[in-house]
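Report on the structure given below.
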Amino acid sequence: MPRIRVLGSDVVNQIAAGEVIERPASVVKELVENALDAGATQVRVDIEEGGRKLVRVSDDGCGIEPEDLPLAFAPHATSKLGSAEDLFRVASFGFRGEALASIGAVSRTRILSRLRGAVEGAEIVLENGQLGETRPSASPEGTSVEVRNLFQNVPVRRKFLRSVEVEFDHIFEMVQRFAIGHPEVRFDLLHDGEQRLALPPSDVRDRIRKFFGDDLGAALLEVRAEAEPFSFQAYLAPPSFARTSIRSQFVFLNGRFIRDRVLSHAIQEAYRETVPHGRYAVIFLFLEVPPGEVDVNVHPTKLEVRFRQVWKVHDLLAAHVRRRLLEGDLAPSVRVERYAERAAESSPVHEIVEFFSGPAPVETATAPALLTTGRRYFQVHDRYIVEEAEDGIRLIDQHALHERYLLDRYRREYDSADVARQRLLLPASVEVSETDRALLEDHRSVLESLGIEFDDFGPRTVAVRAVPAIVGDEDPAELLRDVIERLREHGESERREGRPIPLLDEALEFLACRAAVKFGRRLSLEEVERLLSDAAGLDYSATCAHGRPTAVMLTLEDLERLFRRKG
Ligand code: ADP
Ligand code: MG
């Protein structure tokens with residue numbers, strides 16, 4: 001019979017590392033949080049090889065006492081918390097006190113620090129959990145934490161890291177969140193010596209504009225509201241800017257980026273009539289909540305939090321965001337309606353007016369090309385395809401058409417229990433909570449019949465082994481996370497509204513929508529041609545899965561009437 005043993009602290013820290021540190025971007029997250037907690041006004045992030053080789057975060061914060069350096073690495077050591085009651089009072093980023101210990105358990109980590117105003121700094125190294133000596137060092141004021149060869153002693157986890165670009169994308173996204181949440185702080189991000197972000201101190205709008213473009217920045221609507229003890233400020237992009245991923249929704253709680261499905265629900269509800277199913281409004285939400293109202297330590301990476309009165313926040317948000325949208329100065333769409341009313345009531349005209357008075361073109365359209373059928377076509381505004389038809393022109397919504405084609409194909413494959421799937425050479429590991437894991441387990445057979453296969457991998461990790469072929473080269477981990485999100489929302493809507501959505505239909509639609517070419521993506525001529533010939537068998541007059549038309553036909557007769565050549 002095996003004897004019961006207490007695990008050594010190196011093992012414990014490695015296990016903790018598995019929960020907190022999933023990939024280089026998680027290291028960036030922990031280190032930048034610490035820098036901000038230390039009162040930094042400048043944060044510089046240096047990355048080498050997507051973070052596998054090096055993640056270094058340097059700040060000009062308060063610094064660490066040389067004698068405290070070994071403590072910074074000790075598990076459950078934190079300067080941010082003294083007693084259990086403090087747990088509910090702390091307003092800083094985090095105080096689980098395990099980040100540095102966890103990181104140092106699976107890499108070579110060096111901290112250099114000098115207190116503000118001190119003559120000399122000090123440094124210390126933690127490698128694979130082994131603590132070195134504290135030494136004097138010529139550190140500038142502030143702190144620099146250097147993490148080399150992440151997962152060097154955990155080959156399984158190292159194997160699961162993705163390409164340099166994918167890992168760097170995650171890091172970029174992470175820094176983006178901090179930069180939007182903390183516009184007053186200067187951020188620099190460098191990858192292999194190349195400057196990727198240089199953001200001088202500024203304000204939220206300016207940061208949003210830097211990341212999302214001037215059009216969106218200029219169109220943002222601002223709203224503030226409060227209901228004791230909560231208050232929020234939000235920047236809302238008009239519905240026409242909606243995207244296909246929920247990642248365009250930024251929710252900050254007391255300056256910290258979080259994901260919360262109840263708050264996401266509030267946002268969806270506020271935009272419900274204006275943003276079609278399967279799309280997500282772009283919104284930047286800054287919530288202020290007194291520390292006693294929320295527990296931020298329920299999740300290892302502190303991404304999810306627990307509110308005491310979440311529905312109160314939900315209703316406050318939903319009501320005010322919605323009201324602001326209604327009274328909103330949504331100039332472009334209002335103008336469209338007015339023109340449309342004057343022009344005619346028939347829908348093709350409405351559509352074409354909307355098409356031409358949409359956001360100004362940034363780039364010129366691709367040159368017209370000849371379809372094998374001899375008809376001409378070209379893409380405009382990276383969103384629509386204009387096709388010469390036998391007796392007029394057809395305006396096609398590229399996303400809607402592709403989605404309809406995929407849905408058709410997918411549904412047929414599903415009905416014949418033969419969904420084409422793509423097996424992953426390297427399974428993609430996804431960190432999940434226990435509830436999410438149970439949720440996945442409950443729906444395993446449906447998901448498998450849809451082409452999504454996964455295995456259990458560690459206590460809080462699942463490994464995606466196959467995805468439906470139609471989703472192409474989407475990030476499988478991302479896909480699974482979104483599927484989890486949908487399953488949760490599904491449960492939520494069932495509980496809230498007592499009317500379950502047929503899960504299968506929803507899943508098919510969702511995956512087809514995810515896989516379809518994005519509205520706003522520049523297509524090569526070959527891609528347009530492939531889309532048009534793939535969809536050749538479809539009935540264009542039919543609508544896409546969300547009930548929007550896929551194409552609008554303008555006959556020569558319509559055109560003649562429009563140009564008043566005919567009465
Ligand atoms: P936590 O942030 O939860 O307290 P960490 O393991 O991330 O735990 O950090 C441990 C301690 O090390 C912090 O509480 C803080 O005192 C110190 N520390 C870490 N990074 C910095 C930094 N950049 N500047 C100043 N102090 C730091
Ligand atoms: Mg920390």
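Laboratory data are not the source of any read-out in this text; all were calculated from the coordinates shown. Owing to the predicted nature of the structure, the values given are computational and were not obtained by experimental measurement. All Cβ positions, even for glycine, are placed from backbone atoms using ideal geometry, and neighbour counts span all protein chains on display.
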Top-ranked residue in the range 405-444 [being among the hydrophobic types (A, V, I, L, M, F, W, C) and in contact (Cβ under 8 Å) with a residue 60 or more places away in the chain; ranked as surrounded by the most Cβ atoms within 10 Å (Cβ to Cβ)]:
LEU406
Looking only at the range 265-286, count every residue that is touching a residue at least 24 places away in the same chain (Cβ under 8 Å) and either touching a helix residue (DSSP H, G or I) at 6+ places or on another chain (Cβ under 7 Å) or within 15 Å of ARG488 (Cβ to Cβ) (or both) and tell me the total.
14
Of all residues in the range 190-213, which are over 27 Å from ALA234 (Cα atoms) and either in contact with a Pro (Cβ under 6 Å, 6 or more places away or on another chain) or loosely packed, with under 14 Cβ neighbours inside 10 Å (or both)?
GLY193, GLU194, GLN195
Test: residue in the range 158-181 that is touching a Phe, Trp or Tyr at 6+ places or on another chain (Cβ under 7 Å), crowded, with 17+ Cβ neighbours inside 10 Å and without any contact (Cβ under 8 Å) to a residue 60 or more places away in the chain
yes
Determine if the range 127-138 includes at least one residue that is closer than 19 Å to ARG44 by Cα, away from ligand 2 (no atom under 16 Å from the Cβ) and either among the hydrophobic types (A, V, I, L, M, F, W, C) or over 25 Å from the mean Cα position of the chain (by Cα) (or both).
yes
Scanning the range 290-308 residue by residue, the ones that are within 30 Å of PRO238 (Cβ to Cβ) and surrounded by fewer than 19 Cβ atoms within 10 Å (Cβ to Cβ) total 2
Take the range 37-55 and flag every residue that is out of contact with any helix residue (DSSP H, G or I) (no Cβ under 7 Å at 6 or more places or on another chain) and within 16 Å of ligand 2 (Cβ to nearest atom).
ASP37, ALA38, GLY39, ALA40
Given the condition among the polar types (S, T, N, Q), over 18 Å from the mean Cα position of the chain (by Cα) and not in a strand (DSSP E or B), answer yes or no: does some residue in the range 249-270 qualify?
yes
Taking the conditions exactly as written (part of a helix (DSSP H, G or I), farther than 22 Å from ASP260 by Cα, touching an Asp or Glu at 6+ places or on another chain (Cβ under 9 Å) and touching a residue at least 24 places away in the same chain (Cβ under 8 Å)), does LEU447 satisfy them or not?
yes
